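Reading through the structure tokens given below for one structure.
Bear in mind that the values in this text are calculations on the coordinates, not laboratory data. If you're wondering where the values come from, they're calculated on a predicted model, not measured in any experiment. Positions of Cβ are generated from backbone atoms using ideal geometry, with glycine treated the same way; all protein chains shown enter the neighbour counts.
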Amino acid sequence: MQLLVNIDHIATLRNARGEGYPDPVEAATICEQAGAAGIVFHLRGDRRHIRDEDVKNLKNSVNGILDFEMAATNEMIEICLHTDPDLVTLVPEGREELTTEGGLNMETVFDDFQDRVIPAFRGTGITTSLFLDPNLKDIDLAHEVGADAIELHTGTYANADTKEEQNHELQRLVKAAERIHEKGMRVNAGHGLNLENLPLLIDNVPHLADVSIGHALISKAVYWGLEKTVKEYLKIMSGKS
Ligand code: PXP
């Protein structure tokens, strides 16, 4: 299992004052040096955190996996193909949302993903990952359109108010991960993960390949520093915590 660190909120902090710091590229380097397998950024249509020049600079500096998270607009597809990351994670995007609020509704986007989106990446070497809620129907449709990987939305699990609700969500994630694996796709996961809820997830959900973690990790790094924080996550992931 690999840790991919989402560095969007380094850019949020930078943009709050219009200065050149903190620099997402420098943060990415520290995360990689601490052992993270890769870096995730979400280039949003409104450029609220990561900007186009960050994408270029990250492409030039990240040595591990570069995961380009984006909405499947023609503008983003063009930038992504030009950037040539290792992985593209396709998400729904709403202008008013504070963060990605759920997975793609595959029934709604099926034709568009089959005809326009997935073919745009075919033959490029970029792995396509679709961000989905843990619904078996969505997973089957994602397989039909030709996705290489699924990133399971763990937000409902992470935000569960009760143990029962958390367990219910965990079981949905387990079944979803099994189905993704059966279909021959890679199983990724992300959203809302932190040092408290990650252990239960990784002890139970099978076949996890990449976990994508941003807000909680960057927030903890304000107190601990990025290097120590990344290492704490890696300790949990290697079962040594
Ligand atoms: N995966 C996806 C698809 C996301 O949209 C986000 C949020 O940008 C994350 C993972 C990381 O979520 P968090 O910031 O809550 O760790």
Task: Helical contribution to [θ] at 222 nm, DSSP H n ≥ 4, -39,500 (n - 2.57), averaged over the chain, rounded to 500 - done: -13500 deg cm²/dmol
Open item on the list: Which residues does the label zone of Trp224 cover in the range 195-211, counting backbone N under 17 Å from a point 7 Å along Cα→Cβ?
Closed with: 195-202, 211
Task: Anchor Lys175: lysines whose Cα lies under 29 Å away (excluding residues fewer than 8 positions away in-chain) - done: Lys137, Lys163, Lys183, Lys235, Lys240
- [ ] Using per-residue counts of other Cβ atoms within 10 Å, averaged over each peptide, order 94-106, 24-36, 50-62 from highest down.
- [x] 24-36, 50-62, 94-106
Task: Isotropic mean projected area of the C-alpha convex hull, the range 102-143 (nm²) - done: 3.0
Open item on the list: Going by amide H atoms built from the backbone, whose H comes under 5 Å of the H on Thr127, apart from near neighbours?
Closed with: Leu87, Val88
TODO: With unit charges on the beta carbon (Lys/Arg positive, Asp/Glu negative), name the residue among Leu234, Val109, Gln171 whose Cα is farthest towards the positive pole of the charge dipole of the chain.
DONE: Leu234
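Rounded to the nearest 5, what % of DSSP beta bridges with both residues in the range 1-118 are antiparallel?
Roughly 0 percent of the DSSP beta bridges within the range 1-118 come out antiparallel.
Dipole size in debye (nearest 20) for the range 79-124 around its Cα centre, Lys and Arg Cβ +1, Asp and Glu Cβ -1?
180
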- [ ] For the range 39-128, just say rounded, prolate or oblate: build the C-alpha gyration tensor, square-root its eigenvalues into a ≥ b ≥ c, call rounded for a/c under 1.5, and beyond that prolate if a/b exceeds b/c, oblate if not.
- [x] oblate
Task: Where Rh is the Kirkwood radius over Cα pairs, Rg/Rh for the chain - done: 0.94
Task: Rounded to the nearest 20 debye, dipole of the chain from Cβ charges on Lys, Arg, Asp, Glu - done: 680
Task: Extreme residue, positive dipole direction of the range 1-160, given options Gly123, Met70, Ile30 (C-beta unit charges) - done: Ile30
Open item on the list: Less than 15 Å apart at the alpha-carbon level, and either on another chain or at least 8 residues along: which aspartates and glutamates does that give for Lys228?
Closed with: Glu32
